[in-house]
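One structure is given below, encoded as C-alpha coordinates.
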Amino acid sequence: MIIKSAGVIVLGYDGSDGANAALKEVADLATAYGDVVLVTFGYGVSPAGGETQDQERAVSDIGRSVGESALEQLGESGVTAELVLVPARPAEGLLQVAESRGARMIAVGFRGTGPMVGALLGSVTYQVVHRSRIPVLVCPALAAVTPR
(Lines give C-alpha, C1' and ligand atoms only; values in the text may rest on other atoms or scores of the structure.)
Protein backbone atom coordinates (compact mmCIF):
# COMPACT_ATOMS: atom_id res chain seq x y z
CA MET A 1 0.00 0.00 0.00
CA ILE A 2 1.40 3.40 -1.01
CA ILE A 3 0.67 6.28 1.33
CA LYS A 4 0.28 9.56 -0.52
CA SER A 5 2.35 12.31 1.08
CA ALA A 6 2.61 15.25 -1.29
CA GLY A 7 5.93 16.99 -1.02
CA VAL A 8 8.46 18.73 -3.20
CA ILE A 9 11.30 17.18 -5.17
CA VAL A 10 13.94 19.47 -6.67
CA LEU A 11 15.21 18.09 -9.97
CA GLY A 12 18.50 19.49 -11.25
CA TYR A 13 17.98 19.41 -15.00
CA ASP A 14 20.33 20.41 -17.82
CA GLY A 15 19.19 18.07 -20.59
CA SER A 16 22.15 15.68 -20.22
CA ASP A 17 21.83 11.89 -20.18
CA GLY A 18 22.26 11.90 -16.40
CA ALA A 19 19.57 14.55 -15.98
CA ASN A 20 17.21 12.51 -18.18
CA ALA A 21 17.83 9.46 -15.99
CA ALA A 22 17.01 11.56 -12.91
CA LEU A 23 13.88 12.91 -14.63
CA LYS A 24 12.63 9.37 -15.26
CA GLU A 25 13.17 8.33 -11.63
CA VAL A 26 11.61 11.53 -10.30
CA ALA A 27 8.56 11.06 -12.53
CA ASP A 28 8.03 7.61 -11.00
CA LEU A 29 8.49 8.91 -7.44
CA ALA A 30 6.28 11.96 -7.94
CA THR A 31 3.55 9.80 -9.44
CA ALA A 32 3.70 7.33 -6.56
CA TYR A 33 3.72 9.96 -3.79
CA GLY A 34 1.87 12.87 -5.38
CA ASP A 35 4.91 15.13 -5.17
CA VAL A 36 5.40 18.38 -7.04
CA VAL A 37 8.63 18.53 -9.06
CA LEU A 38 10.65 21.73 -9.29
CA VAL A 39 12.72 21.47 -12.47
CA THR A 40 15.66 23.64 -11.44
CA PHE A 41 18.44 25.20 -13.51
CA GLY A 42 21.14 27.45 -12.05
CA TYR A 43 22.57 29.84 -14.58
CA GLY A 44 25.11 31.91 -12.68
CA VAL A 45 28.43 32.26 -14.45
CA SER A 46 31.88 32.98 -13.11
CA PRO A 47 32.72 36.69 -12.91
CA ALA A 48 36.28 35.74 -13.92
CA GLY A 49 34.99 35.64 -17.50
CA GLY A 50 34.62 39.44 -17.63
CA GLU A 51 31.27 40.79 -18.87
CA THR A 52 28.68 38.39 -17.47
CA GLN A 53 25.25 39.82 -18.34
CA ASP A 54 25.21 38.44 -21.87
CA GLN A 55 26.62 35.11 -20.69
CA GLU A 56 23.98 34.81 -17.95
CA ARG A 57 21.20 35.66 -20.39
CA ALA A 58 22.43 33.03 -22.87
CA VAL A 59 22.76 30.34 -20.19
CA SER A 60 19.35 31.29 -18.75
CA ASP A 61 17.82 30.87 -22.22
CA ILE A 62 19.35 27.39 -22.45
CA GLY A 63 17.94 26.57 -19.02
CA ARG A 64 14.48 27.73 -20.05
CA SER A 65 14.62 25.62 -23.21
CA VAL A 66 15.76 22.38 -21.56
CA GLY A 67 13.52 23.03 -18.56
CA GLU A 68 10.43 23.40 -20.73
CA SER A 69 11.29 20.07 -22.35
CA ALA A 70 11.45 18.46 -18.88
CA LEU A 71 8.11 20.05 -17.94
CA GLU A 72 6.53 18.58 -21.05
CA GLN A 73 7.87 15.10 -20.27
CA LEU A 74 6.70 15.29 -16.65
CA GLY A 75 3.30 16.58 -17.74
CA GLU A 76 2.90 13.58 -20.05
CA SER A 77 3.45 11.40 -16.96
CA GLY A 78 0.73 13.29 -15.08
CA VAL A 79 3.22 14.95 -12.73
CA THR A 80 2.72 18.52 -11.50
CA ALA A 81 5.91 20.43 -12.19
CA GLU A 82 7.24 23.96 -12.24
CA LEU A 83 10.35 25.47 -13.86
CA VAL A 84 12.67 27.39 -11.54
CA LEU A 85 15.53 29.35 -13.08
CA VAL A 86 18.02 30.52 -10.45
CA PRO A 87 20.62 33.26 -10.97
CA ALA A 88 23.26 31.25 -9.08
CA ARG A 89 25.86 28.62 -9.88
CA PRO A 90 24.11 25.25 -10.46
CA ALA A 91 24.87 23.49 -7.14
CA GLU A 92 24.17 26.62 -5.12
CA GLY A 93 20.92 27.16 -7.02
CA LEU A 94 19.70 23.62 -6.33
CA LEU A 95 20.50 23.94 -2.63
CA GLN A 96 18.81 27.36 -2.39
CA VAL A 97 15.61 26.15 -4.06
CA ALA A 98 15.51 23.00 -1.92
CA GLU A 99 15.82 25.01 1.27
CA SER A 100 13.45 27.83 0.33
CA ARG A 101 10.73 25.46 -0.90
CA GLY A 102 11.05 22.85 1.85
CA ALA A 103 12.00 20.04 -0.53
CA ARG A 104 12.23 16.52 0.79
CA MET A 105 14.74 15.46 -1.85
CA ILE A 106 17.09 16.73 -4.54
CA ALA A 107 17.56 14.57 -7.64
CA VAL A 108 20.52 14.99 -9.96
CA GLY A 109 22.13 13.09 -12.78
CA PHE A 110 25.69 11.90 -12.97
CA ARG A 111 27.71 11.78 -16.17
CA GLY A 112 30.23 9.26 -14.85
CA THR A 113 33.28 11.37 -15.65
CA GLY A 114 35.19 9.98 -12.68
CA PRO A 115 36.36 11.49 -9.40
CA MET A 116 39.41 13.31 -10.79
CA VAL A 117 37.47 15.29 -13.40
CA GLY A 118 34.74 16.03 -10.86
CA ALA A 119 37.28 17.25 -8.32
CA LEU A 120 39.05 19.47 -10.84
CA LEU A 121 35.97 20.90 -12.51
CA GLY A 122 33.73 21.15 -9.45
CA SER A 123 31.07 18.57 -10.24
CA VAL A 124 27.56 19.83 -9.43
CA THR A 125 26.60 16.34 -8.26
CA TYR A 126 29.60 16.15 -5.93
CA GLN A 127 28.87 19.59 -4.45
CA VAL A 128 25.17 18.85 -3.91
CA VAL A 129 25.81 15.47 -2.30
CA HIS A 130 28.36 16.90 0.11
CA ARG A 131 26.51 20.11 1.00
CA SER A 132 22.86 19.04 1.09
CA ARG A 133 20.98 18.70 4.38
CA ILE A 134 18.28 16.58 2.74
CA PRO A 135 18.47 13.28 0.82
CA VAL A 136 19.99 13.41 -2.66
CA LEU A 137 19.07 10.92 -5.38
CA VAL A 138 21.95 10.49 -7.85
CA CYS A 139 21.10 8.80 -11.16
CA PRO A 140 23.76 7.61 -13.60
CA ALA A 141 23.51 8.62 -17.24
CA LEU A 142 21.01 6.56 -19.23
CA ALA A 143 23.74 5.26 -21.49
CA ALA A 144 25.46 3.69 -18.49
CA VAL A 145 22.30 2.09 -17.08
CA THR A 146 21.66 -1.54 -17.93
CA PRO A 147 18.03 -2.50 -18.66
CA ARG A 148 16.02 -3.70 -15.67
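The values are calculated or read from the model by the stated rules, or taken from the named source; none is laboratory data. What you are looking at is a predicted structure, and each value in this text was computed from that prediction instead of being measured. Here the Cβ is made from the backbone with ideal geometry for all residues, glycine too, and neighbour counts use every protein chain on show.
Computed values, structure above
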item	result
Filter result (out of contact with any strand residue (DSSP E or B) (no Cβ under 9 Å at 6 or more places or on another chain) and under 24 Å from Ser65 (Cβ atoms)) within region 27-46	Val45, Ser46
Some residue of region 27-43 being within 13 Å of the chain's Cα centre (by Cα), at pLDDT below 95, in a helix (DSSP H, G or I) and under 18 Å from Phe110 (Cβ atoms)	no
Given (1) loosely packed, with under 15 Cβ neighbours inside 10 Å; (2) under 15 Å from Arg104 (Cα atoms); (3) at pLDDT 95 or above, index of the condition Ala6 fails	(3)
Helices (runs of 4 or more DSSP H) fully within region 73-148 counting 2 or more residues that are modelled with pLDDT under 95 and farther than 25 Å from Arg57 by Cα	115-121, 124-131
Residues that are crowded, with 17+ Cβ neighbours inside 10 Å and farther than 17 Å from Asp14 by Cα, drawn from region 73-95	Val79
